[in-house]
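See below for the structure under consideration.
The values are calculated or read from the model by the stated rules, or taken from the named source; none is laboratory data. Not measured: the values here are computed from a predicted model. Virtual Cβ from ideal backbone geometry, glycine too; neighbours counted across all protein chains shown.
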Amino acid sequence: MSKNYYHILGVSSTASAAEIKAAYKRLALKFHPDKNPNNLQAEERFKQVNEAYQVLSDPRRRASFDLQQEYQQRQRQAEAYTNPRYHHTRPPAGFKERYYRQRPVKHTHFSRRDIQITVTVVLLAVLLVVAVALGWRQIASGRAMDRAREAEREQNWHQAHEAYSTALEHRPGLEEARVGRATLRLRHLQDFGGAIDDYTQALQGNEEPPAAWYAARGKGYLRTRQYPQALEDLNRAIFLDNKQAEAYLDRGIVHLQSEDDFEAAQADISHYLRHSKSVAATATAEALLYRAFAYLRMKNLEKAWQDTEQALRQDDRNPKGYYLQAKIKQLQGEHEYGCALLTKAADLGFVLAREEVQDICR
């Protein structure tokens with residue numbers, strides 16, 4: 001019998017050229033003489049693999065081999081038909097020679113013990129499946145949390161967000177993952193709506209949530225301009241913990257942006273400035289400018305100017321400081337000085353100042 005090169009390479013007769021090549025490389029590496037020293041059987045197999053690949057990698061030789069295989073298959077079938085072993089010695093029996101008998105139907109009855117055993121086995125199987133699922137969720141969520149913490153240490157915020165989301169897919173009630181993702185969305189990814197959703201779920205799932213969660217959700221509401229909700233959350237955070245200095249700042253900004261109480265805004269921002277000694281200079285400068293705006297709306301121009309001066313000493317590249325100073329000088333009747341300050345704010349990239357320079361100062 002001739003060799004079947006497809007069987008030697010372990011592929012089907014319809015295999016593509018890429019599949020044949022991959023099979024050849026795998027077998028050639030496996031039976032190579034360098035890997036099988038003094039192994040005659042491996043050497044013989046290596047030769048067979050090479051021979052098979054030489055034939056099947058050549059389209060013309062492969063087509064010829066396929067024709068030869070088909071011819072041999074037909075020849076074997078023809079030889080089988082001529083074998084007397086397969087010949088009938090007589091025609092099949094007629095209808096009258098056949099006898100049919102109705103087979104009795106066996107009725108299966110379950111006893112009470114059989115039912116108890118079946119129910120017990122089913123319950124055990126269900127409990128086993130549930131236990132395995134819970135165990136896998138615990139392991140998978142733990143690994144995801146480890147990846148999230150590592151990504152946060154490396155300040156890879158998107159990767160950390162993805163890891164927290166994976167942990168929540170396995171364990172939706174995992175509080176640490178929920179709050180961690182909410183913090184990333186609020187502080188680094190600017191996804192304020194997503195942060196609000198996460199903090200809301202965390203607050204609903206905790207009987208005594210910390211004040212910081214209300215403060216964080218309030219900041220999210222502030223960023224999305226939902227001022228009544230922001231004010232409610234920030235009031236709750238300060239009620240639970242009056243040391244939440246940033247909550248005072250955010251509440252002051254809510255009063256400023258909703259324009260409902262400039263005196264309350266000034267009081268809250270002043271409280272923040274008194275209790276935020278460790279805050280970066282740029283953050284303090286921003287708070288000073290918010291308070292300066294509150295003073296400006298309260299017509300206390302002297303204190304507004306003092307706050308802008310102090311803010312610009314900390315960050316002299318802040319265009320909002322020069323813009324507020326321009327507004328103060330305009331209210332004091334110093335038009336040219338105000339335009340000079342507007343021009344400086346515009347040069348630092350403040351779009352509103354650039355528009356006002358074109359409308360007012362020219």
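A search for C-beta distances below 7 Å between a residue of the stretch 300-324 that is touching a residue at least 12 places away in the same chain (Cβ under 8 Å) and any residue that is basic (Lys, Arg) and assigned to a helix (DSSP H, G or I), counting only pairs 6+ apart in sequence or on different chains, returns 307/291; 322/344.
Please indicate, with yes or no, whether at least one residue in the stretch 338-355 is closer than 29 Å to residue 243 by Cβ, among the basic types (Lys, Arg) and either touching a residue at least 60 places away in the same chain (Cβ under 8 Å) or in a helix (DSSP H, G or I) (or both). The answer is no, given that none of the residues of the stretch 338-355 is closer than 29 Å to residue 243 by Cβ, among the basic types (Lys, Arg) and either touching a residue at least 60 places away in the same chain (Cβ under 8 Å) or in a helix (DSSP H, G or I) (or both). Residue 42 meets each of the listed conditions (1) closer than 21 Å to residue 68 by Cβ; (2) modelled with pLDDT under 90 apart from (1). Here are 79, 70: which of them is modelled with pLDDT under 90 and exposed (fewer than 10 other Cβ atoms within 10 Å of the Cβ)? Going through 79, 70 in turn, the sole match is 79. The numbered conditions (1) farther than 16 Å from residue 292 by Cα; (2) in a helix (DSSP H, G or I) are all true for residue 317 except (2).
The numbered conditions (1) modelled with pLDDT under 90; (2) more than 53 Å from the chain's Cα centre (by Cα); (3) in a helix (DSSP H, G or I) are all true for residue 64 except (1). Give the number of residues within the stretch 16-32 that are under 17 Å from residue 64 (Cβ atoms) and touching a helix residue (DSSP H, G or I) at 6+ places or on another chain (Cβ under 7 Å). Residues in the stretch 16-32 being under 17 Å from residue 64 (Cβ atoms) and touching a helix residue (DSSP H, G or I) at 6+ places or on another chain (Cβ under 7 Å): 1 in total. Contact annotation: residue pairs with Cβ atoms under 9 Å, 6 or more positions apart or on different chains, pairing a residue in the stretch 267-279 that is closer than 11 Å to residue 243 by Cα and in a helix (DSSP H, G or I) with a partner that is at pLDDT 85 or above and among the small types (Gly, Ala, Ser), are 271/252; 272/247; 272/252; 272/287.
Checking each residue of the stretch 147-154 against the condition of being more than 11 Å from the chain's Cα centre (by Cα), over 29 Å from residue 135 (Cβ atoms) and free of Cβ contacts under 8 Å to residues at least 60 places away in the same chain gives at least one match.
For the stretch 11-25, the set of residues classified as exposed (fewer than 13 other Cβ atoms within 10 Å of the Cβ) and without any contact (Cβ under 8 Å) to a residue 40 or more places away in the chain consists of 12, 14, 16, 18, 25, listed by residue number.
Only one entry of 259, 207 meets the criterion of being over 28 Å from the mean Cα position of the chain (by Cα) and farther than 25 Å from residue 307 by Cβ, and that entry is 207.
Residues in the stretch 331-362 that are aliphatic (A, V, I, L, M), touching a Pro at 6+ places or on another chain (Cβ under 8 Å) and farther than 19 Å from residue 304 by Cα: 346, 348. For residue 285, the conditions (1) of a type outside the set (D, E, K, R); (2) modelled with pLDDT under 85; (3) surrounded by fewer than 21 Cβ atoms within 10 Å (Cβ to Cβ) are fulfilled apart from (3).
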